[in-house]
1. Mind checking the mean number of beta-carbon atoms from other chains within 10 Å of the Cβ atoms in B:225-235?
2. Cα convex hull of the range A:5-68: mean projected area in nm², to one decimal?
3. How would you classify the range B:1-81 from its alpha-carbon gyration tensor, with a ≥ b ≥ c the square roots of the eigenvalues: rounded for a/c under 1.5, else prolate if a/b is greater than b/c, otherwise oblate?
4. Could you list A:251, A:468, B:264 in order of exposure, starting from the residue whose Cβ has the fewest other Cβ atoms within 10 Å?
5. Which number do you get for Rg(Cα) / (2.2 N^0.38 Å) in the range A:400-448?
6. Extending each Cα 7 Å along its Cβ direction at residue B:84 and residue A:95, get the distance between those two points in nm, one decimal.
7. If packing is taken as the average number of other Cβ atoms within 10 Å across a peptide's residues, how do A:292-298, B:71-77, A:350-356, A:19-25 rank, most packed first?
8. Report the extension gain between residue A:58 and residue A:15 in nm, rounded to one decimal, defined as 0.36 nm multiplied by the number of residues separating them, less their alpha carbon distance.
């Protein structure tokens with residue numbers, strides 16, 4: 001009997017072992033096995049000792065199975081959005097990589113490069129307290145190098161920075177070689193003129209069909225022709241970009257009307273080149289043109305250099321007013337810094353002054369240009385008021401800065417020395433009070449100009465916008481519309497009587513004639 | 001801005017083009033330490049720089065417990081106390097001071113004020129004289145009242161009314177930093193009391209106890225830009241041209257500085 005008991009035990013053990021093996025077998029679907037699951041479940045019941053365990057056992061089992069699932073990440077992941085910062089950084093990264101074609105041009109670069117030494121400029125201006133931040137200046141430097149590589153410029157200069165409400169402009173001034181850099185003729189203006197002509201024609205056709213309304217007797221003044229490329233106001237070409245690393249946009253040439261209107265309006269820049277400029281008098285163009293006009297005014301008003309740095313070429317004409325080019329004086333030895341800072345005689349303008357007409361060289365338009373609006377006297381230099389046909393003359397090139405006129409008792413320039421403590425290495429700095437933000441420095445044989453500001457002139461008093469011209473009188477006087485008193489009854493009867501007499505007289509004469517003929 | 005953080009914050013606020021030269025910075029660091037000890041100030045802020053016609057004045061403001069003092073200097077080394085700006089002084093300066101600052105502290109601006117009363121025709125001519133120091137003091141106080149800015153959350157107000165810096169201010173994040181309503185004027189709130197209860201329901205009384213910039217009139221008198229590759233948020237005031245406020249998002253760094261000619265831009269509505 002013992003044998004059978006052992007045998008039975010053995011059988012039981014084997015059966016248990018077989019069943020356990022069955023339980024441990026992993027499920028094909030979920031990779032769990034029953035044995036482990038029951039172990040965990042019962043451990044949980046032992047730990048928690050819930051009430052009415054038998055009723056909640058199924059729920060516990062389900063929870064347990066659910067909690068075993070590994071937490072996977074959601075398969076939907078946010079793709080990394082390219083923020084504006086990232087885009088800008090990628091564009092600026094291009095600044096720091098050398099272009100592939102640069103390897104072979106080493107020698108040429110070292111000899112003569114149109115690239116200005118912006119780092120030196122930044123150093124000197126920092127002594128004066130004018131700076132854009134060192135990293136920013138470095139990026140500007142590299143961006144200028146990009147510009148010079150892209151366009152074949154004879155000379156290039158960092159002109160400055162103009163701040164706007166939504167974005168800023170970095171401006172570079174470039175000069176092309178002779179004959180290069182011609183851009184396509186702006187078809188915008190002609191297109192607008194054509195549109196306007198067509199509209200006028202439509203209107204006139206409709207109008208003539210009905211009662212002719214009186215035509216306006218206003219004749220707009222003839223537009224002043226713009227100056228040629230490479231001369232006068234358009235001597236240099238300007239490129240702007242919003243941030244260093246972004247592509248440089250070339251600004252179009254400026255026309256005299258744009259300059260005259262820019263003198264009368266006062267607006268902030270927005271930072272977008274295609275923004276419209278809504279103002280009175282209406283500005284012919286959008287922000288691109290307004291920017292170009294302000295740049296032209298600032299350059300003409302505040303670009304100065306030490307006396308003697310530039311001189312007139314020897315083969316120039318004799319007329320003072322027509323000299324418009326200068327060249328560097330190779331014999332220039334620097335003027336001492338103290339003298340430069342004290343006397344304004346030693347600084348001269350090297351950009352031509354812009355006349356009231358909006359050009360540098362006066363042009364005789366056949367009719368007298370009627371200025372309908374009052375112009376504030378915003379000119380710095382004295383001018384002769386243009387009479388009927390007398391030419392406008394501005395001060396000649398290379399006039400000293402001490403001849404600039406004051407505005408409202410503020411002297412037009414303030415000068416200072418950068419440091420009093422180490423005078424032998426200091427720089428003389430000139431600050432413009434008429435265009436706040438314009439600075440010039442001179443140190444030894446070097447000098448530089450820069451403008452960092454909002455792009456507006458200092459008026460000195462509150463700005464008054466130009467007043468609208470008075471509207472035209474309604475109708476030109478004529479017999480059709482002049483009022484007259486209606487005739488009174490007696491007058492009408494008298495007239496009627498007179499008419500009857502006349503007709504009676506006529507009838508008699510006719511009768512007489514008939515009778516005569518009959519006879 | 002705090003003078004302790006001056007050497008790196010000045011770099012962040014240079015968008016306007018004006019900064020201090022390296023010599024001035026060095027002088028400033030030295031003199032401010034001495035000044036702090038002499039006057040026993042707890043916190044020193046470099047307020048900014050006003051360009052006069054002849055000379056340039058640097059202005060400092062100090063906070064000493066409850067007092068708020070301003071000092072000015074021409075060369076960043078010798079500092080002189082400015083008079084406190086009282087209301088009568090402000091009124092006088094508003095009348096008398098026209099044109100630019102000259103930079104000469106003893107310069108006097110004069111203005112004739114004619115008091116006439118219409119039919120009575122009793123005209124008295126009152127000459128109002130204002131010297132440059134008072135003009136400077138009032139300008140500083142006006143600028144502070146109009147355009148000093150702090151980010152929302154940088155200061156907290158305890159229920160008993162005390163305003164303190166918020167030590168756990170982690171900075172605005174990039175999304176919030178470009179919205180103008182997250183920046184507040186640091187002065188006695190003017191518009192807050194006029195708000196209806198409905199509008200105030202979503203404000204947090206501990207943080208939103210100052211006027212936000214988005215309610216300034218005229219709209220658009222602040223220009224908000226991200227500079228340096230969007231790492232710094234710069235606010236420029238168009239009302240006082242030259243005031244720059246910077247804030248580095250996600251960090252508690254912020255500050256404002258005024259570098260300009262000290263003139264209010266009255267033509268702002270025409271220019272926008």
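Bear in mind these aren't lab numbers, they're just calculated from the coordinates by the rules spelled out. These figures come from a predicted structure and were not determined experimentally. Every residue, glycine among them, receives a Cβ derived from its backbone with ideal geometry; neighbour counts consider all protein chains shown.
1. Values: counts 7, 3, 4, 7, 12, 7, 2, 1, 0, 0, 0.
Across the residues of B:225-235, the mean count of other-chain Cβ atoms within 10 Å is 4.
2. Convex hull of Cα atoms, orientation-averaged projection: 5.8 nm².
3. Verdict is prolate for the range B:1-81.
4. Numbers: A:251 20, A:468 10, B:264 14.
Sorted ascending by nearby Cβ count, the order is A:468, B:264, A:251.
5. Against the empirical 2.2 N^0.38 Å value, I get 1.26 for the range A:400-448.
6. Using points 7 Å along Cα→Cβ, the separation is 4.9 nm.
7. Values: A:292-298: 25.1, B:71-77: 18.9, A:350-356: 22.0, A:19-25: 11.4.
Result, highest mean first: A:292-298, A:350-356, B:71-77, A:19-25.
8. 12.8 nm
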